[in-house]
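To start, the structure itself, in structure tokens.
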Amino acid sequence: MKKIVLLFCLSSLFWTFYSAAEKRSVGPVEYIKVAELDNLKYLTRIDTGAHTTSIHAFDIKVDDDAGEMKDNIGKTITFTTMNEKEEFRTLQAKIVDVVTIRNAIAKERRYQVELGLGWRGETKKVLVNLSDRKKMSYKLLIGRNWLEGDYVVDVEMDPEE
């Protein structure tokens, strides 16, 4: 029995090391480009505590708004965004989902769209929720949905432009 437990532990350790070795390391803050916004670059906070990625969005308008957020899934949404350098872009995208986000203050319902987020020559498509982040230092917050399967966070890394 001890041999089986030891073998299981060694096997688990090997697979944990192997899967982590395949992943690229990102720092706690990185420059990320949004493909659909003509590769607009954001100084971005990488947040392992956040499940989904969030982008600063305002002037949000839904084509043929049905009133209820869930009824707008599949419709086109137009929003404006801005990075930390106050570079603005307006984008039209399809609403993919509506999510409820819990933060320290309250629960909030947000639209989600799919965006291509680029880092060091690689672009990954993920769901991004639209949020008013005007008071936040980082206008783009990367959550675990972007990290999953590809990246681990190294808190000692510095961002590269």
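The values are calculated or read from the model by the stated rules, or taken from the named source; none is laboratory data. None of these values were measured; they are calculated from a predicted model. Note that each Cβ is placed from the backbone with ideal geometry, even for glycine, and that neighbours are counted across all protein chains shown.
The residue that is farthest from Asn83 (Cα to Cα), among those in the range 131-145 that are under 8 Å from the mean Cα position of the chain (by Cα) and hydrophobic (A, V, I, L, M, F, W, C), is Ile142. Consider Ile95 carefully, then state whether it is touching a residue at least 12 places away in the same chain (Cβ under 8 Å), β-branched (Val, Ile, Thr), more than 24 Å from Arg24 (Cβ to Cβ) and out of contact with any helix residue (DSSP H, G or I) (no Cβ under 6 Å at 6 or more places or on another chain). Considered against the rule, which asks whether it is touching a residue at least 12 places away in the same chain (Cβ under 8 Å), β-branched (Val, Ile, Thr), more than 24 Å from Arg24 (Cβ to Cβ) and out of contact with any helix residue (DSSP H, G or I) (no Cβ under 6 Å at 6 or more places or on another chain), Ile95 comes out as no. For the residues Lys2, Lys41, Lys23, the requirement of being at pLDDT below 90 and either under 16 Å from Glu122 (Cα atoms) or out of contact with any His (no Cβ under 9 Å at 6 or more places or on another chain) (or both) singles out Lys2.
Scan the range 124-134 for residues that are out of contact with any Asp or Glu (no Cβ under 9 Å at 6 or more places or on another chain) and surrounded by fewer than 15 Cβ atoms within 10 Å (Cβ to Cβ) and jot them down. Matches in the range 124-134: Asp132, Lys134.
Could you check the range 124-161 and list, in sequence order, the residues that are touching a residue at least 60 places away in the same chain (Cβ under 8 Å), farther than 16 Å from Ile101 by Cβ and in a strand (DSSP E or B)? Tyr151, Val152, Val153 - these are the residues of the range 124-161 that are touching a residue at least 60 places away in the same chain (Cβ under 8 Å), farther than 16 Å from Ile101 by Cβ and in a strand (DSSP E or B). Among the candidates Val113, Val98, the residue that is crowded, with 16+ Cβ neighbours inside 10 Å, touching a Lys or Arg at 6+ places or on another chain (Cβ under 6 Å) and outside any loop (DSSP other than H, G, I, E, B) is uniquely Val98.
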